[in-house]
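Notes to accompany the following structure.
Here, each number is a calculation from the coordinates, and none is a lab measurement. Remember, predicted model here, so these are calculated numbers, not experimental data. Every residue, glycine among them, receives a Cβ derived from its backbone with ideal geometry; neighbour counts consider all protein chains shown.
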Amino acid sequence: MAWNITRSGQFIEKEVLKDATGRELTDSVVVDANAFPMPASREARNIIPAGTILKLSATDSTKVVEYNGSGTIKGILAHSVEIMASSSAGVEPAPMYFHSAVFATSSIVGFTAYASAVQSSLPTCLWL
């Protein structure tokens, strides 16, 4: 970091589960940060919000990206993730809910657009 310059920030985490039952399973996934647009300002933070619907990347099946209406839905991002996109730092580990969770639909990013696809892809989950 450059001399005499500091950076800090905070964001408020939202809860994506309507009811934490203890039955929900969490999977550890790798987010392909290069698939997300970066902010115009280099000083801005780039955060993928909790509740983002995730699918397998079309270019790398070991990574997940945001669901856009096509592809196989794998789950819902459990916590917000800050990313940096570049060829060397373009991946981030993240937790994902995918089974037996009770979701707060108002907290799921793009739920109204993809409700049918998400519900059929995650049949063991409840959507309230």
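Some notes on this structure:
- Under 5 Å from the amide H of LYS74 lie the amide H atoms of LEU54, LYS55, LEU56, each residue being 5 or more positions distant or on a separate chain, with H modelled from the backbone and absent for Pro and chain starts.
- Reciprocal of mean inverse Cα separation for the range 59-128 (Kirkwood radius, Å): 13.4
- Our estimate of slack between VAL30 and ALA104, defined as 0.36 nm per intervening residue step minus the Cα-Cα distance, is 24.3 nm.
- Taking amide H as placed 1.01 Å from N in the peptide plane, the amide H of GLU92 sits under 5 Å from that of VAL31, ALA33, each at least 5 places away or on another chain.
- Close amide H partners of MET38, meaning residues 5 or more places away or on another chain with modelled amide H under 5 Å apart, do not exist here.
- Going from the residue with the fewest nearby Cβ atoms within 10 Å to the one with the most, THR105, THR72 rank THR72, THR105.
- Coil-residue GluC sites (Glu not before Pro) of the range 34-128, DSSP, other Cβ within 10 Å capped at 15: GLU43
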